[in-house]
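Undergrad: Starting off with a structure, shown below.
Computed from the coordinates by the stated procedures, all read-outs in this text should not be read as laboratory data. Because the structure is predicted, anything quoted here is derived from the model rather than measured. All Cβ positions, glycine included, derive from the backbone under ideal geometry; neighbour counts span all protein chains shown.
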Amino acid sequence: MNPPSKMPCYLPRYLQGWEQFWFQPADPTKLALIRITCGLIVIYTLFVYTFKLQEFEGEHAWHALDMRMEFVREHPTLAMPLNWYPAGVTPSPRNQFEINYVQAYRKKTGRIPPPPYPRNQEEADYLDEYYTYFKFDLRQLGITPSLADEDKAYAWRYAVRWGAPPPAYVKSQEEEDTLNEYIEKHKFDPRLVHAVGSPIFSLWFHVLDPRAMMVVHCLIVAISVMFTLGFCTRITSALLWFGYLCYINRNPNVLFGVDTMTNILLLYLMISPCGAVYSLDRVIRKWWVGAKMGLVESWYRFWRLPVPTNIAPPTPVPDVPEPSVSANVALRLLQIHVCFIYGMAGLSKLLGRSWWDGSAIWMTVANYEFAPMENAIYMRFLRFLGSYQVLYMAFVNGGGLFTLVFEIGYPFLIWRPRLRWVFLASAIVLHGGIGLFMGLKTFSLIMLVMNMAFLRPAEANWMLERMFNPRLLFRRATAVPHSTESNVPVSTAS
């Protein structure tokens, strides 16, 4: 199959760039760099779990299994009621009584009454009395007004206890008690939810014996090591993503940004050829190319069979990594996801006043839950900063403005070649500050790993070469030669 860039162009000219953006073969070197760095962070995280595995994931952990399973079975999935009417959209009055009712309701409340309209004056008086006492309409959630004594009593009890009209009536006291217990626990009426329960899975829901848990945990750690080394990468990447997700699903109380971002990275690495270069898979592949003919001949001689002369020779492994469409698709998905993360983070900050006046920066660096407040040098720095208004205003306002410009501008300007390194350097400054002032070191590292998706293949190769041979850091930089072995256009995916 020809790569898309070699196929006859069937797209209009203005869409050809879109096709190349997604489907032009790309160098997988960046994916190898992301695989190794992400794998090291996963190994560190799982290593930390080892010493407190029962406290984190056990049956009687900080978040006990019975409480977790109760949440999984009963967690409400919210949805708007099917009979919800947008503002101003109501049925037209069908008779003179409804016309008079609508006019009287608008005169009293200034709004159009929600459906259904009362059928007689007694229902209209009851609705008016309910509105007078509670300042909201009984039909707010689509309930039909009922004059039955038990229904009226329930509507009043519900409004007094929960401060809202009921979405439906109950048939018995037992049903009312069950509903009240659910609302007390989950703060939402189950009759207004789309579904109850979350279809999630975790190995730690079923593996409860401490020794078995340690065996499974060590197996997942071993898989993470194999993934980092690039051994059976297609298999270990999927197994590691699933295993890491089991930790997240079991104990969301310890879930933080580093776990979410790591899981996102593992998902995209799972669908990518991240083991095509700088991996044991590539080493084994090269060994097989050299050993295949000899092994096949030895097999025939062992069984004293004539060695065939038409054995197909193995496909040679090129010295440079082979570009592939799947590498480009995975990188583009990761790049766009990173842009959404930064863009939504920046836009959501605009909703809060603290990011407009700069106080958010101060609440971050002077927060006992995050910042290293126990460090004497750090405390002296904060006191010095707070003693001079000019320095304080420059720090908090400058930091807030820098954060907003970086996060909101990232999705639009990171694609510009001249601004790419400006934003990558800004990411180092931002996440370095988060790691220093908030103590979120692993989160900062995983975010920097996600930013590696915007490196060029030559830059990723430069970093990998010095990662495996640190002595190159002290040598004079040389230009990276461009390979001419392949005639397939290679996307830089940046």
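Undergrad: Counting other beta carbons within 10 Å of each Cβ, put S387, S324, S237 in order, fewest first.
TA: S387, S324, S237
Undergrad: Using Cα-Cα distances under 8 Å and only pairs 6 or more residues apart, what relative contact order does the stretch 96-196 have, in percent?
TA: About 16 percent, as a whole number.
Undergrad: Separate question: Can you pull the percent of Cα pairs in the stretch 96-196 with separation above 22 Å?
TA: 32
Undergrad: So which lysines can K108 reach, going by Cα to Cα under 19 Å and dropping same-chain residues fewer than 8 places off?
TA: Once the sequence-local lysines are set aside, what remains near K108 is K135.
Undergrad: On a C-alpha basis, how far is the centre of the stretch 447-473 from the centre of the stretch 133-185 in Å? Whole number, if you could?
TA: Centre-to-centre (Cα) distance: 62 Å.
Undergrad: Continuing with this model, one more query. Tell me the angle of helix 280-302 to the major Cα principal axis of the chain, expressed in degrees between 0 and 90 and rounded to the nearest ten.
TA: On a 0 to 90 degree scale, this one is about 60.
Undergrad: Just need the Rg to Rh number for the stretch 325-469, please, alpha carbons only, Kirkwood Rh.
TA: Value, to two decimals: 1.03.
Undergrad: Return the long-range amide H neighbours of A26 (sequence gap of 5 or more, or a different chain), with a cut-off of under 5 Å between placed amide H atoms.
TA: Here S324, V325, A327, N328, S491 satisfy the definition.
Undergrad: Note down the nm distance, to one decimal, between modelled labels 7 Å out along Cα→Cβ at A64 and at L15.
TA: So the two model labels end up 5.9 nm from each other.
Undergrad: Work out the charge dipole of the chain with +1 on the Cβ of Lys and Arg and -1 on the Cβ of Asp and Glu about the Cα centre, then indicate which of F423, I112, F205 is farthest towards its positive end.
TA: Checked the options; the winner is F423.
Undergrad: Let me ask something additional. Please work out the C-alpha center-to-center distance from the stretch 355-419 to the stretch 219-256 and express it in whole Å.
TA: Each part reduced to its Cα centre gives a spacing of 34 Å.
Undergrad: Sort T315, T45, T233, T262 by Cβ crowding within 10 Å, fewest neighbours at the top.
TA: Ranked by crowding around the Cβ, least crowded first: T315, T45, T262, T233.
Undergrad: Using only alpha-carbon positions, what ratio does the radius of gyration of the stretch 169-212 give when scaled by 2.2 N^0.38 Å?
TA: 1.77
Undergrad: Please arrange D151, D137 by how many other C-beta atoms lie within 10 Å of their C-beta, fewest to most.
TA: Placing the least packed residue first, the sequence is D151, D137.
Undergrad: Any idea what diffusion coefficient the chain gets from Stokes-Einstein, in µm²/s, Kirkwood Rh on alpha carbon pairs, 20 °C, 1.002 mPa s?
TA: In µm²/s, the coefficient rounds to 75.
Undergrad: For the Cα atoms of the chain, what angle does the longest principal axis make with the long axis of helix 210-229, in degrees from 0 to 90, nearest 10?
TA: 50
Undergrad: At most 14 other Cβ atoms within 10 Å plus a DSSP loop assignment makes a site exposed; report the longest stretch of the chain without any exposed GluC sites (Glu not before Pro).
TA: 1-368
Undergrad: For helix 29-51, report the angle its Cα long axis makes with the longest principal axis of the Cα atoms of the chain; keep it between 0 and 90° and round to the nearest 10°.
TA: Result, in degrees: 60.
Undergrad: Hey, what did the chain get for relative contact order, percent, Cα under 8 Å, at least 6 apart?
TA: Relative CO of the chain lands at 23 percent.
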